[in-house]
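Structure first, commentary second.
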Amino acid sequence: AKKANAEIGVYPNPTAEYIFLTNDDVADQITVFSMVGRKVKVFSVNKGEKYYLGDLPTGTYLVQIADKQRNTLNTIRVTKK
């Protein structure tokens, strides 16, 4: 696998409400997991879209970004304020 996609990240982090992708060219899906591995949210990626986490409890989550083939491009630890 090429490491060209490693620059995909999310901001702001920590966040109170929304996250954005730093690079959504190849991303297709965002899955948010709790730290115990429970899937709490799934988003389809659209160019320039923002993704709402405001209804999640305060804490730390794993945000997994995948491409159309569902290969994981990046997994980022995000703090929800």
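Listed by first and then second residue, the pairs with beta-carbon distance under 6 Å, at least 6 apart or on different chains, first residue in the range 1-16 and more than 21 Å from THR79 (Cβ to Cβ) and of a type in the set (S, T, N, Q), second modelled with pLDDT of 50 or more and not in a loop (DSSP other than H, G, I, E, B), are ASN5/LEU73. Note on the range 22-40: among residues that are farther than 13 Å from TYR61 by Cα and open to solvent by 20 Å² or more (accessible area, probe 1.4 Å), the one that is nearest to the chain's Cα centre (by Cα) is GLN29. So is ASN5 in contact with a Gly (Cβ under 9 Å, 6 or more places away or on another chain), modelled with pLDDT under 95 and among the polar types (S, T, N, Q) or not? So ASN5 fails the test. Restricting attention to the range 55-81, the residues being open to solvent by less than 60 Å² (accessible area, probe 1.4 Å) and more than 18 Å from GLU17 (Cβ to Cβ) number 7. The number of residues in the range 43-54 that are in contact with a strand residue (DSSP E or B) (Cβ under 9 Å, 6 or more places away or on another chain), surrounded by 11 or more Cβ atoms within 10 Å (Cβ to Cβ) and not acidic (Asp, Glu) comes to 6.
The values are calculated or read from the model by the stated rules, or taken from the named source; none is laboratory data. A quick note: this is a predicted structure, and the numbers were derived from the prediction, not measured. For neighbour counting, all protein chains shown are included, and Cβ atoms are generated from backbone atoms with ideal geometry for every residue, glycine included. We work out accessible area using only protein heavy atoms, side chains counted, and drop any ligands, DNA or RNA first. Shrake-Rupley method; radii C 1.70, N 1.55, O 1.52, S 1.80 Å.
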